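Here, each number is a calculation from the coordinates, and none is a lab measurement. All values derive from a computational prediction rather than experimental measurement. Positions of Cβ are generated from backbone atoms using ideal geometry, with glycine treated the same way; all protein chains shown enter the neighbour counts.
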Amino acid sequence: MKTKHFLPIPLIFCLLTAAVFLYGCKGQTGTVMKEGSKGLSGSNKAGQEVFKPLVEGAVVRLLAAEANRSAYGNGYGGGGYGPGGPKRICFVGVENSSAEELADYREMLYEMIDTAIGSGGQYTSISRRYVEPAIRQGRFRMNDLFIPATYRQLLAIMEQQGQPFDYLLFAKLTSGTTVDNKNYQRDYRLTLELININDGGSLKEGCDLSKAYNVTMGAKIKNR
């Protein structure tokens with residue numbers, strides 16, 4: 001009669017634990033990307049490949065349009081607060097009306113726009129560490145800040161903090177989706193609206209980008 005041999009239960013538990021650990025370690029790896037290398041393209045929603053060109057395009061168009069407006073005497077032509085200094089922009093935030101959740105990209109979008117504003121030297125953006133407390137103090141809603149009486153209240157609070165400004169800046173992300181069976185195309189638009197608080201004039205500029213999502217071919221970007 002043959003005797004059956006069974007592994008001890010503690011040994012079986014240790015083998016199972018080791019197998020799970022080894023499988024988990026093999027599931028994902030990370031690679032530090034070198035400067036200039038091609039980034040990943042999101043398979044089912046927007047990412048860096050969408051937001052970076054949207055921000056760069058929208059900011060350049062908006063500030064160029066305002067510079068042209070001021071140069072031809074249609075806008076406030078002063079040099080900002082301070083002798084010869086850049087004009088100061090109060091950027092109040094990013095409104096997301098697209099079909100996708102921004103998650104951590106909301107903060108990234110804010111920082112990208114904020115950095116792009118000051119890249120040319122003619123404009124500078126007030127730190128959000130001043131802007132956000134002032135908005136909370138005045139209990140301002142985003143839509144209310146388009147009203148002259150309301151944004152002048154915000155200006156008064158900011159002036160008390162030593163942070164006056166020449167412009168208010170609003171950013172809005174929208175999208176439209178075209179579905180073809182399991183494939184779809186999403187058209188993204190980043191709109192920037194600038195209000196000159198000295199003359200009440202406003203400008204709106206935007207940038208568009210389309211991205212195709214294909215279940216067999218992968219995602220493709222179409223600049224417009």
(request) Report the residues of the stretch 102-146 in range of a label on Thr177: point 7 Å along Cα→C-beta, backbone N strictly under 19 Å from it. (result) 102-106
(request) Report the equivalent ellipsoid semi-axes for the stretch 100-224 in whole Å, largest first, defined as the square roots of five times the eigenvalues of the gyration tensor built from alpha carbon atoms. (result) 35, 15, 14
(request) Just the number, please: percent antiparallel of the DSSP beta bridges in the stretch 85-224, rounded to the nearest 5. (result) 75
(request) Run the quick spin-label model on Asn143 and Arg61: label points 7 Å from Cα toward the beta carbon, then report their separation in nm to one decimal. (result) 2.5
(request) Would you mind classifying the stretch 86-165 by shape? Square roots of the alpha carbon gyration tensor eigenvalues, ordered a ≥ b ≥ c; an a/c under 1.5 is rounded, otherwise it is prolate if a/b is larger than b/c and oblate if not. (result) oblate
(request) Determine the distance separating the Cα centre of the stretch 168-194 from the Cα centre of the stretch 86-130; give it in Å without decimals. (result) 17
